[in-house]
Amino acid sequence: MKLILSKGVAEKLSLYVAECPGEVSGLGEVELVGGDVRVTKLHLLKQVATQAATDLDQGAVAELMCDLLRKGVDTGNLRLWWHSHGGMDTFWSTTDDKTCGMLSGAWMVAVVTNKQGKFLARMELREPFNLSAEVGVSIDRETDPTLLAEVKAEVAAKVRKPVYVTERKQKGKLKQGIMGLVPSHWVDARWEYEELDRMLYKRELEGLEGV
Ligand SMILES: [Zn+2]
């Protein structure tokens with residue numbers, strides 16, 4: 001079993017680390033893929049970032065949980081604790097050991113990173129027994145499936161296909177034709193398909209040239 005970071009997640013994590021002078025920490029959502037744990041989303045916690053130790057602020061964790069529950073997010077996937085050591089090396093400090101010991105749930109994964117882009121991860125098992133074991137980290141350079149699914153859904157909801165079927169009479173017969181690409185200035189998000197079709201049809205009736 002290893003911890004997989006998609007390139008998008010790894011980049012976001014390195015940007016959080018880059019933007020914070022010292023330590024910074026947060027949680028993450030994960031999914032199980034083929035026996036590995038894949039990070040799907042990172043959450044930055046409200047915190048007082050110091051140069052040294054990062055404690056997991058229980059108040060900030062509770063606030064994040066409430067926020068996610070309000071948005072209908074399954075907090076059962078919130079199984080990652082990530083933090084950065086800033087410019088220092090990646091290792092498990094006594095504070096980190098203590099924090100890992102406090103992680104509840106059947107299992108959790110912790111990862112520590114730094115400004116040099118090093119990673120160190122461990123699995124924290126609580127059931128059926130307590131176990132803490134180091135796990136490998138791998139960065140997936142393939143297209144992020146979570147990002148791809150989000151983009152596909154957004155495109156499907158917002159982007160209309162620029163091909164329209166119109167009807168016209170040609171030698172007394174009703175013919176269907178494809179208008180082709182519609183210039184972008186014709187397309188307005190407020191228009192429904194039908195309205196747009198009517199407009200295209202009207203242009204044809206008026207003898208205006210097609211697209
Ligand atoms: Zn640490």
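Any read-out appearing in this document is the output of simple, stated calculations on the displayed coordinates, not a laboratory observation. Owing to the predicted nature of the structure, the values given are computational and were not obtained by experimental measurement.
Observations on the model:
- Cα-based equivalent ellipsoid of the range 1-109: semi-axis lengths in Å, sorted from largest, via gyration tensor: 21, 17, 15
- Prolate/oblate/rounded call for the range 50-120, Cα gyration tensor, a/c under 1.5 rounded: prolate
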